[in-house]
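The values are calculated or read from the model by the stated rules, or taken from the named source; none is laboratory data. Note that the structure is predicted; figures quoted are calculated from it, not measured. With ideal geometry, Cβ positions are generated from the backbone for all residues, glycine too; neighbour counts draw on all protein chains shown. Surface areas here come from the heavy atoms of the whole protein model, side chains and all, with no ligands, DNA or RNA. Shrake-Rupley method; radii C 1.70, N 1.55, O 1.52, S 1.80 Å.
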Amino acid sequence: MASRLGATINKILDLCRAHSQGLPQKVLDEELQEVEVEIIKQSLNVLLQKQKLQVFMQGESIVYREQDTEAAAKFKGLTSEDMLVYQAIQQAANTGIWTADLKKRTNLQQLQVNKALKNLESRSLVKPVKTVANKNRKVYMLFELDPSREVTGGAWYTEQDYDAEFVDVVKQQCLHFILKQGLASLEDVAESVRKSGITQVELRLEEFKQILDTLVLDGDIEEVVGGAPSSSHAPVSFETVCYRASRSRIPETSALTSVPCGICPVLRECRPDGLISPQTCIYFKDWLTF
């Protein structure tokens, strides 16, 4: 029996090497159809216990892959359930995975998942991370990974809380540069803020665009395509979107934005020559003298 066990172990390893992307359970069964099921089970258990085999879920199928020597030492002493959970977390990369999805992917019971997570955390192989989307929900990812911006909220969040003060500082710096230059592209604004030293956070162009879009919506600046460059600027391509001080800033209050009829609670009863009418409305008179 020992010889059959050894031969089956070697056969499984050979099959794993022939399927570098992973050996599906179906292929393993086909290749070892003449081997007793008990021998196959024992062979897999031996390989798993010696950390020479990885096992993970790929869709609905169990898949096996040979473990390298360095990884084998790293995972020494972990159970097959621990490895299933670890590999599911590994596949989630830096977006992480929460426990309900771990249960589905590994087909383990919740108690088994929790036990595996405890073991993996104690060995600093995985870590829990709070998400911006749901502060009461933790996702798990490999210990050495930095969470994605989708998890942390990106540059505008500090410890999962929106940092309004930081956003305002960046907004004012961007606005100051645009007003000073007269005309500036997104790249110009980003370079200026980075050189100013107001933040140690690495901001991407995408985040600067969010800030400029906000300034446009606030009516502080406006977009122009190409246009005449400022005196301190190099010529701007006709296709380049640039930003300048808004030339048609909408006032916070105006005759059009403060029409009393819009918020009048008795508007339906107001009619010419009625008890309530435009002729007798003191608010309407005040509005006409705006």
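So which helices (runs of 4 or more DSSP H) stay within region 1-116 end to end and still have 3 or more residues that are touching a helix residue (DSSP H, G or I) at 6+ places or on another chain (Cβ under 6 Å)? Please lay out each step first, then the result.
Details: elements: 2-18, 25-31, 37-49, 69-74, 80-92, 99-106.
Counting at least 3 such residues, we get 2-18, 37-49, 80-92, 99-106.
Taking the stated definitions as given, is Val170 over 30 Å from Lys76 (Cβ atoms), open to solvent by less than 20 Å² (accessible area, probe 1.4 Å) and at pLDDT 90 or above?
Values: over 30 Å from Lys76 (Cβ atoms): yes; open to solvent by less than 20 Å² (accessible area, probe 1.4 Å): yes; at pLDDT 90 or above: yes.
Spelling it out, Val170 is indeed over 30 Å from Lys76 (Cβ atoms), open to solvent by less than 20 Å² (accessible area, probe 1.4 Å) and at pLDDT 90 or above.
Report, by residue number, each residue of region 141-152 that is surrounded by 17 or more Cβ atoms within 10 Å (Cβ to Cβ) and of a type in the set (Ser, Thr, Tyr).
Thr152 - this is the single residue of region 141-152 that is surrounded by 17 or more Cβ atoms within 10 Å (Cβ to Cβ) and of a type in the set (Ser, Thr, Tyr).
Could you check Ala71 against (1) more than 30 Å from Thr152 (Cα to Cα); (2) free of Cβ contacts under 8 Å to residues at least 24 places away in the same chain and say which number it fails?
Against the list (1) more than 30 Å from Thr152 (Cα to Cα); (2) free of Cβ contacts under 8 Å to residues at least 24 places away in the same chain, Ala71 comes up short only on (1).
Report whether or not Phe75 is open to solvent by less than 50 Å² (accessible area, probe 1.4 Å), farther than 22 Å from Lys104 by Cβ and of a type outside the set (S, T, N, Q).
On the way: open to solvent by less than 50 Å² (accessible area, probe 1.4 Å): yes; farther than 22 Å from Lys104 by Cβ: yes; of a type outside the set (S, T, N, Q): yes.
Criteria met by Phe75.
Under 28 Å from the mean Cα position of the chain (by Cα) and surrounded by fewer than 17 Cβ atoms within 10 Å (Cβ to Cβ) - does that describe any residue in region 7-21?
Pass one, region 7-21, residues under 28 Å from the mean Cα position of the chain (by Cα): 21.
This time we only want the ones that are surrounded by fewer than 17 Cβ atoms within 10 Å (Cβ to Cβ), so: 21.
Yes, there is a match, as at least one residue in region 7-21 is under 28 Å from the mean Cα position of the chain (by Cα) and surrounded by fewer than 17 Cβ atoms within 10 Å (Cβ to Cβ).
Would you check if Glu222 is surrounded by 10 or more Cβ atoms within 10 Å (Cβ to Cβ), modelled with pLDDT of 75 or more, over 21 Å from Gly154 (Cα atoms) and not β-branched (Val, Ile, Thr)?
It is true that Glu222 is surrounded by 10 or more Cβ atoms within 10 Å (Cβ to Cβ), modelled with pLDDT of 75 or more, over 21 Å from Gly154 (Cα atoms) and not β-branched (Val, Ile, Thr).
Which of the residues spanning region 141-161 are among the aromatic types (Phe, Trp, Tyr) and assigned to a helix (DSSP H, G or I)? Explain how you work it out, then say what you get.
Initial filter on region 141-161 (among the aromatic types (Phe, Trp, Tyr)): 143, 156-157.
Passing the criteria: only Trp156.
Among the residues of region 36-60, which ones are of a type in the set (S, T, N, Q), modelled with pLDDT under 80 and open to solvent by less than 70 Å² (accessible area, probe 1.4 Å)? Step through it out loud before you land on a result.
Start the filter on region 36-60 by keeping residues that are of a type in the set (S, T, N, Q), which leaves 42-43, 45, 49, 51, 54, 58.
Restricting the remaining residues to those that are modelled with pLDDT under 80 gives 49, 51, 54, 58.
Once the filter is applied, which keeps residues that are of a type in the set (S, T, N, Q), modelled with pLDDT under 80 and open to solvent by less than 70 Å² (accessible area, probe 1.4 Å), region 36-60 yields Gln51, Gln54.
Output the number of the condition that Arg123 fails; it satisfies all remaining conditions of (1) on the phi > 0 side of the Ramachandran plot; (2) open to solvent by 60 Å² or more (accessible area, probe 1.4 Å).
(1)
Quick one: Ser3 ticks every box in (1) exposed (fewer than 12 other Cβ atoms within 10 Å of the Cβ); (2) within 24 Å of Tyr140 (Cα to Cα); (3) among the small types (Gly, Ala, Ser) bar one, so which box is it?
Tallying (1) exposed (fewer than 12 other Cβ atoms within 10 Å of the Cβ); (2) within 24 Å of Tyr140 (Cα to Cα); (3) among the small types (Gly, Ala, Ser), Ser3 fails exactly one: (2).
Given the criterion open to solvent by less than 80 Å² (accessible area, probe 1.4 Å), in contact (Cβ under 8 Å) with a residue 24 or more places away in the chain, under 22 Å from the mean Cα position of the chain (by Cα) and farther than 22 Å from Leu215 by Cβ, identify the matching residue among Ala100, Ala155, Ala88, Ala116. Break it down stepwise before answering.
Values: Ala100 fails: in contact (Cβ under 8 Å) with a residue 24 or more places away in the chain; Ala155 fails: farther than 22 Å from Leu215 by Cβ; Ala116 fails: under 22 Å from the mean Cα position of the chain (by Cα).
None of the other options fit; the residue is Ala88.
Does Asn134 satisfy the criteria of being polar (S, T, N, Q) and in contact (Cβ under 8 Å) with a residue 40 or more places away in the chain?
Details: polar (S, T, N, Q): yes; in contact (Cβ under 8 Å) with a residue 40 or more places away in the chain: no.
It is false that Asn134 is polar (S, T, N, Q) and in contact (Cβ under 8 Å) with a residue 40 or more places away in the chain.
Just to check your reading of the model, which residue among Val167, Val139, Val129 is of a type in the set (Val, Ile, Thr) and within 19 Å of Arg204 (Cα to Cα)? I'd like the intermediate steps shown before the answer.
Numbers: Val139 fails: within 19 Å of Arg204 (Cα to Cα); Val129 fails: within 19 Å of Arg204 (Cα to Cα).
Only one candidate qualifies: Val167.
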